[in-house]
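Remarks on the structure that follows.
Values in this text are rule-based calculations from the coordinates and carry no lab data. Everything quoted here is computed from the prediction, not taken from an experiment. No Cβ is skipped: glycine too gets one built from the backbone with ideal geometry, and neighbour counts run over all protein chains shown.
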Amino acid sequence: MQNLSWLTQLGLSLAAPPVLCLLGAGWLARRFSLGPWVYFAAIVLGLGAAACTFAEFVKMFRRKNGKK
């Protein structure tokens with residue numbers, strides 16, 4: 001059951017940054033009349049944040065299982 005909890009948390013942690021960045025980019029584009037480049041920047045930032053989250057999760061999981 002604990003592994004299911006970890007998997008759910010990982011899924012939310014990986015999905016949230018790109019979604020929130022895209023929502024923020026949509027707001028910025030509408031509010032300040034910015035071009036579509038804002039969406040590209042948001043995707044790159046969101047995926048980068050998700051990758052950092054995944055890397056930290058892998059490090060934590062390895063440390064928890066006693067592997068280096």
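Odds and ends about this structure:
- Dipole magnitude (debye, nearest 20) for the chain, charges at Cβ of Lys, Arg, Asp, Glu: 360
- Modelled label positions at Ala16 and Tyr39, each set 7 Å beyond Cα in the direction of Cβ, lie 2.5 nm from each other.
- With both labels modelled 7 Å from their Cα along Cα-to-Cβ, the Leu47 to Ala29 distance reads 1.6 nm.
- Residues of segment 1-42 with amide N under 15 Å of a point placed 7 Å along Cα→Cβ from Ala55: none
- Whole-angstrom gap from segment 39-67 to segment 9-32, using each part's C-alpha centre: 16
- Using C-alpha pairs below 8 Å separated by at least 6 residues, the relative contact order for the chain is 37 percent.
- Protection proxy ranking of 49-56, 27-34 - average other beta-carbon atoms within 10 Å, highest first: 49-56, 27-34
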